[in-house]
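Peer 1: Can you read through this structure? Questions will come right after.
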Amino acid sequence: MQLKLKDISLNTNWIKSGSSSFIYYDEIESTLDIALDKKYQSNSLGKIVITDNQTAGKGTYNKSWFSEPYKDLTFSIILGNQHNFDQSLVDESCKAVLHTLKKFQIIGYQKKPNDIYINGEKIAGILLSNLGSINTNPYQALSIGMNINSNLELDKIDSSSKVKSTSLLRQTGDEYNREDILCKIIESIDKAIQKLVYL
């Protein structure tokens, strides 16, 4: 089922709130490609590029990120170039995801530098990407992929991968409201960004 973004009202300050928070695509190769586009970096600071079907998701070291259409969460936050974020934002974003999982009585952990695991299996990845600039800070975007209601087995999709994947569905047997989880994660990340920006 398509994400019901019109029903979402984010309680955020740095990340855009209200009905203008999201740039939605039904299907796209990668939300990161849009989020790092200079046009969006200039005109859509703080917005969230999100899709229900990411066909060529990117992870660390150009590895692929697989997600099941209409089942998982794949989105990128446009950070602009006003601040030069680093690993501390990735760490804080990992904490935000872990805090969200804990609200559902699920205990996970961060596998440095940027992955979230549950019981030895990967459930989420966070990627801070830069688009180089000579005279100013680089344009940046924060991308998150999280397996929610999918039942994918990553090692069967990509035989070269040594990583076992999981999802909330596979962990608990229950389906989850993606919009609810999306809100919780973004609002937590918004607090993390504010903390780093206003240090």
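Peer 1: Can you find a residue that is touching a strand residue (DSSP E or B) at 6+ places or on another chain (Cβ under 9 Å) and without any contact (Cβ under 8 Å) to a residue 40 or more places away in the chain anywhere in the range 144-154?
Peer 2: Checked the range 144-154: at least one residue is touching a strand residue (DSSP E or B) at 6+ places or on another chain (Cβ under 9 Å) and without any contact (Cβ under 8 Å) to a residue 40 or more places away in the chain.
Peer 1: In the range 137-164, which residues are part of a strand (DSSP E or B), among the hydroxyl-bearing types (S, T, Y) and either touching a Gly at 6+ places or on another chain (Cβ under 7 Å) or modelled with pLDDT under 90 (or both)?
Peer 2: Y139
Peer 1: One residue is enough: does the range 117-126 have a residue meeting the conditions within 18 Å of L182 (Cα to Cα) and in contact (Cβ under 8 Å) with a residue 60 or more places away in the chain?
Peer 2: yes
Peer 1: Let me ask something else. Which residues, taken from the range 11-41, are part of a helix (DSSP H, G or I), among the aliphatic types (A, V, I, L, M) and touching a residue at least 60 places away in the same chain (Cβ under 8 Å)?
Peer 2: Correct list: L32, A35.
Peer 1: Now for a different question. For the range 68-118, give me each residue that is among the hydrophobic types (A, V, I, L, M, F, W, C), in contact with a strand residue (DSSP E or B) (Cβ under 9 Å, 6 or more places away or on another chain), outside any helix (DSSP H, G or I) and farther than 26 Å from D37 by Cα.
Peer 2: Selection gives I106, I107, I116, I118.
Peer 1: Looking at the range 43-91, which of its residues are modelled with pLDDT of 95 or more, touching a helix residue (DSSP H, G or I) at 6+ places or on another chain (Cβ under 8 Å) and among the polar types (S, T, N, Q)?
Peer 2: Residues satisfying the conditions are T51, T74, S76, S88.
Peer 1: Which one is surrounded by the most Cβ atoms within 10 Å (Cβ to Cβ) among residues in the range 4-27 that are closer than 19 Å to N149 by Cβ and over 15 Å from the mean Cα position of the chain (by Cα)?
Peer 2: I8
The values are calculated or read from the model by the stated rules, or taken from the named source; none is laboratory data. Note that the coordinates shown come from a computational prediction; the quantities given were computed from them, not determined experimentally. We place every Cβ from the backbone using ideal geometry, glycine too, and count neighbours over all the protein chains shown.
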